[in-house]
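Structure record follows, encoded as structure tokens.
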Amino acid sequence: DIWYIERSGSGWSAPINAGEGINTAGNEVYPIIAGDYLIFSSDGHVGYGGFDIYAARINNGMTQKAYNLGHPFNTYADDYNMAMRTDLKEGVFVSGRESRRGDDIFYFKEFPHAIMVSGVVSDADTKKSITNVTIELVNDKTGKTVNKIVTDSQGKYTLFAEPEQKYTLKVSVAGYSPASKNLSTDANRFALINGQDFNLSSNASVISGRVFDRSSFMAIEN
């Protein structure tokens, strides 16, 4: 497990366990502090396989939930022991992804981020989920679509975004009126933004009337 100690005017505290948001029944190793983040490796969290690299924001002295850094940092092999410059502009980590060579040191630029935006799309009248709905994430500053995906069989979607940006989520599917909503991300580089749901209204037109026999003018059923 990862532990920490606090310093006060009277000296150092006893070791404090970092808690279940960080520690698991597996192994948590190679912790470092990079800016406002705790970076460490673990084989106990759900990941890609072996040891993966995780990050957790430190807020008011408390570590928040840990997030997997994803690809290209983590693979099926062991990925661990990340180290970065204090300005977070570049760093290195160890990986066994090229197993024929053993574990190697890999270099990267810029501090990684993983902000996930998720929600559910459903019919406004029936409340049933709608599949194959196109979700676009548009950057308000550039006007460009930075991510696009369709909802799954349960009407759910997940998109990746960047910190400190303003976006518009646009939704479209045949038979329904298009919809959109604004989304802003803060400086937190690792976050899960839930609840970006859409209730779509049908745009189908309804035509009604009666059918008659031309000669007898009698109404025709069925």
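Relative contact order for segment 1-111: what percent, with Cα pairs under 8 Å and sequence separation of 6 or more? Reported as a whole number, the value is 18 percent. A simple spin-label model places pseudo-atoms 7 Å from Cα toward Cβ; at Lys181 and Thr142 they are separated by 2.5 nm. Loop-resident chymotrypsin sites (Phe, Trp or Tyr not before Pro) (DSSP state other than H, G, I, E or B) in segment 74-123 with no more than 16 further Cβ atoms inside 10 Å of their Cβ: Tyr76. Neighbours of Val171 by Cβ distance under 9 Å: Lys/Arg scored +1, Asp/Glu scored -1, total +1.
Across the accessible surface of the chain, with the other protein chains kept in place and a 1.4 Å probe, carbon and sulfur atoms take up 50 percent. Could you compute the FRET efficiency for Asn27 and Ser201, with r as their C-beta to C-beta distance and R0 at 45 Å, rounded to 0.05? The formula returns an efficiency of 0.30 here.
Using the Cβ of Ile220 as centre and a radius below 9 Å, the other residues enclosed give a net charge of -1, where K and R count +1 and D and E count -1.
Measuring r between the beta carbons of Asn194 and Ile16 and using R0 = 30 Å, the FRET efficiency lands at 0.55. Which parts of segment 165-184 would a label at Thr126 reach, counting a residue when its backbone N lies under 16 Å from a point 7 Å out along Cα-to-Cβ? The answer is 173-177, whose backbone nitrogens lie closer than 16 Å to the label point.
Based on Cα contacts under 8 Å between residues 6+ apart, the chain shows a relative contact order of 13 percent. For His45, neighbours were defined as the other residues whose beta-carbon sits under 12 Å from its Cβ, and their charges (Lys and Arg +1, Asp and Glu -1) total -3. Accessible surface computed residue by residue for the chain, with neighbouring protein chains in place and a 1.4 Å probe, gives 62 Å² per residue. For the pair Arg7 and Phe108, label points projected 7 Å from Cα toward Cβ lie 2.9 nm apart.
Distance between the pseudo-spin-label points of Thr134 and Thr86 (7 Å out from Cα toward the beta carbon): 4.9 nm. Between Asn182, Asn139, Asn68, the residue with the greatest mean-square fluctuation in the GNM of the chain (Cα pairs under 10 Å linked by springs) is Asn182.
The values are calculated or read from the model by the stated rules, or taken from the named source; none is laboratory data. Predicted, not measured: the structure shown is a model, and the values here were computed from it. Please note: Cβ atoms are built from the backbone with ideal geometry, for glycine as well, and neighbour counts cover all protein chains shown. Heads up: the accessible areas ignore ligands, DNA and RNA and are worked out on the full protein's heavy atoms, side chains in. Shrake-Rupley method; radii C 1.70, N 1.55, O 1.52, S 1.80 Å.
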